[in-house]
Amino acid sequence: QPAASAALYAQLVRGKKGPEAVEALGPLLAHLEQSLRRRGAAYLAGDTESVADVVVWGTLFPVLQDETSLPGELQALRTWFQRMTFSEACRKAADSILTPEALLEFKSYLQKQPPPCSAMEKAASNEVEEEEGSERALTEEEITAATDAWDRGVAALPKPWQPQKPVLPVEGMRNVLITSALPYVNNVPHLGNIIGCVLSADTFARYCRLRNWNTLYVCGTDEYGTATETKAVEEGLTPQEICDKYNAIHAEIYRWFDISFDFFGRTTTPCQTRIAQDIFQRLLARGFLLEDTVEQLRCENCQRFLADRFVEGTCPFCGYEEARGDQCDKCGKLINAVELKKPQCKLCKSVPVVKPTRHLFLDLPKLEERLESWLEQSWATGDWTANARYITRSWIRDGLKPRCITRDLKWGTPVPLDGFCDKVFYVWFDAPIGYLSITANYTEHWEKWWKNPKQVELYNFMAKDNVPFHSVIFPCSLLGTEDDYTLVNHLVATEYLNYEDGKFSKSRGVGVFGDMAKDTGIPADIWRFYLLSVRPEGQDSAFSWSDLMLKNNSELLNNLGNFINRAGMFVCKFFGGTVPDMILTPDDKRLLARVTLELRQYHQLLEKVRIRDALRCVLSISRHGNQYIQVNEPWKRIKGDEEDRRRAGTVTGVAVNMASLLGVLVQPYMPSVSRAIQGQLRIPPECFVLGYDFTCTLPAGHRVGTV
């Protein structure tokens, strides 16, 4: 892996230094950071320095110069980089290859820095350990503040707020518009599709609502294009029948997964036609469209031009033998169908011929300056994942080229222009407009969301292969209209979720699909929990049946479920179902402060849409709760003297309040489990909201239900 990183490095950096280099190397640096954290080791290949450390340090040092060039969140990597800079191997390497001037600068840097074993490094190590669940020392101020918040009870929480229906932006509130990439309607979604788009977006939408943010979450099926036509041919149905069939399948799967769309629509609607054609006409009127003749594959046997998915062949980039005419499933690169080697018509398997045909193009070079200006502002104020920034930069760095927006198909939004009436819009011009039309089918006041950039924050969720269409092509389409559209503020892209040792594949039926997950009998919340716990946030991850079993048994059952059950059962068994009086000791107050720290870390991570990492905070709180119960043994103290019984009451009361907090914190991840906790503990509705403090929501005298 270090060798691969070094090989890619030269292509990525291209003379950049400092922050620019860090941004270019973002995914690779994130990979190194996660590798160091996952194993908890001091070095890349283990607990001792190896050639891997020296090679990677030598690769990074010329552009980073020192660890301060690395972002603060890469704390493990910063610590490693500083440690390596002071190592004997790296000093010798510097002595042997640096120019005299550079060597002088390097030695000057070493003299100014504290040695690696200094307090600075210890503090950095402590930060990493803290994020991994180890405890850091609490201050008296933190303990006092946590105790005060606990004493204020429900008064310390914000009042829950419910929006009007339909949900519309409210002046003075944080208005959050959330979209997840529209799934193709031509097949059943697999777990990789679900975690990359709808489930990640749903988790964040639920969190936003718990924060009292005015939130609208829309999605729907992407129904136009070659994928639908080819599926219709395969199944002997019309394209509309295919769309109706699979839209219903998608909707049912997402209902089972408890996805909380405010509206789940589709793109085959009059609203889609009206809005897409309006955007097209505005681009045409402003001179942002070009007409050109292009070479395209035509099947003489079928008497038709073959748009993207009607042709398959060998990828010209990686040699994959089943690449589509628009994109290679293996390497992910976009392809022009005429570039395919050994092309075949997907319908009749004959070899197509290359012939000219006229098409319309979006003039991306003409819009490039506007795009870059907008991107600079969006990146400065928004949270884009590192891979989204990197992919977008690579497109711009290579220079934007005009992009075809029409196709020789029948199933699609018609092109409203003489000479092109036999064509439809290309799906990647048309499909993102589906976000607008789906919202328009939800409310006639859709423009209050989509033409309101000053009041609305837009979050787009997707897998990384969809990034260019959402960060370059769609924004350019909207910028070119000069109609003040809401553009994405936060582009959240996952890496890929693989299946065991291979890849999910809809076309080949490899992996677990949405309907299969339901048929296993494993509850939806277990699937949600597992997928979110392995969410590919910084690098590819893999679904594994054995890991699913392990995480269910160790984290959900032995940790979270065990704690909540014990806390509730002690109230029922020892105190007749009534929360007992609580007299807090210094140890109890330290626990309140510890839980508050975890709660605030949970907020910080979810506000940055680090969904998987925030889940660790939830499990950490229940782990603290289990330790608290084990140390204090209320089942023994309840049989002792009056002081012991009082202590048993305090421990039980604090524990059941921790369970109440967990009932709220798990809601974005496991809504059914959350509802069960809320019902069993009879958590008041006014407590089902997220504040920044751990407070007593189930005071002495509160009656719980059947646990």
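The values are calculated or read from the model by the stated rules, or taken from the named source; none is laboratory data. These numbers come from a predicted model, not from an experiment. As a convention, Cβ positions derive from the backbone with ideal geometry for all residues, glycine included, and neighbour counts pool all protein chains shown. We work out accessible area using only protein heavy atoms, side chains counted, and drop any ligands, DNA or RNA first. Shrake-Rupley method; radii C 1.70, N 1.55, O 1.52, S 1.80 Å.
Quick notes
- Evaluation of Leu497 against (1) surrounded by 20 or more Cβ atoms within 10 Å (Cβ to Cβ); (2) over 28 Å from Ala232 (Cβ atoms); (3) touching a helix residue (DSSP H, G or I) at 6+ places or on another chain (Cβ under 8 Å); (4) modelled with pLDDT of 95 or more (one fails), failing number: (4)
- Residue within the range 687-697 that is open to solvent by 10 Å² or more (accessible area, probe 1.4 Å), in the same structural domain as Phe575 (by the TED database) and more than 30 Å from the chain's Cα centre (by Cα) present: yes
- Residues that are assigned to a loop (DSSP other than H, G, I, E, B) and in contact with a helix residue (DSSP H, G or I) (Cβ under 6 Å, 6 or more places away or on another chain), drawn from the range 409-435: Trp411, Thr413, Pro416, Pro432
- Filtered residues of the range 545-555 (kept if more than 19 Å from Ser620 (Cβ to Cβ) and either without any contact (Cβ under 8 Å) to a residue 12 or more places away in the chain or not in a helix (DSSP H, G or I) (or both)): Ser546, Met549
- Put simply, of Thr269, Thr230 the only residue that is hydroxyl-bearing (Ser, Thr, Tyr) and over 22 Å from Ser437 (Cα atoms) is Thr230.
- Residue check, Lys454 part of a helix (DSSP H, G or I), open to solvent by 10 Å² or more (accessible area, probe 1.4 Å) and assigned by the TED database to the domain that holds Tyr184: no
- Here Ala4 fulfils each of the conditions (1) modelled with pLDDT under 60; (2) over 22 Å from Ser541 (Cα atoms) apart from (2).
- Residue in the range 520-538 that is small (Gly, Ala, Ser) and in contact with a His (Cβ under 8 Å, 6 or more places away or on another chain) present: yes
- Residue that is nearest to the chain's Cα centre (by Cα), among those in the range 556-573 that are open to solvent by 50 Å² or more (accessible area, probe 1.4 Å) and in contact (Cβ under 8 Å) with a residue 60 or more places away in the chain: Asn562
- Contact map, the range 528-544: residues that are open to solvent by less than 10 Å² (accessible area, probe 1.4 Å) paired with residues that are at pLDDT 90 or above and of a type in the set (Asp, Glu), Cβ distance under 9 Å, separation 6+ or inter-chain. Pairs shown: Arg528/Asp202; Arg528/Asp258; Phe529/Glu555; Tyr530/Asp547; Pro536/Glu495.
- Taking the range 212-238 as the range and being among the charged types (D, E, K, R) and surrounded by fewer than 16 Cβ atoms within 10 Å (Cβ to Cβ) as the test, the residues that pass are Glu234, Glu235.
- Flag set for Val22, criterion: β-branched (Val, Ile, Thr) and at pLDDT below 80.
- Unique residue being over 17 Å from Val673 (Cα atoms) and among the polar types (S, T, N, Q) when the list is Ser541, Ser554, Ser533: Ser541
- Scanning the range 626-651 for residues that are open to solvent by less than 100 Å² (accessible area, probe 1.4 Å) and either under 37 Å from the mean Cα position of the chain (by Cα) or basic (Lys, Arg) (or both) gives Asn626, Gln627, Tyr628, Ile629, Gln630, Arg637, Arg647.
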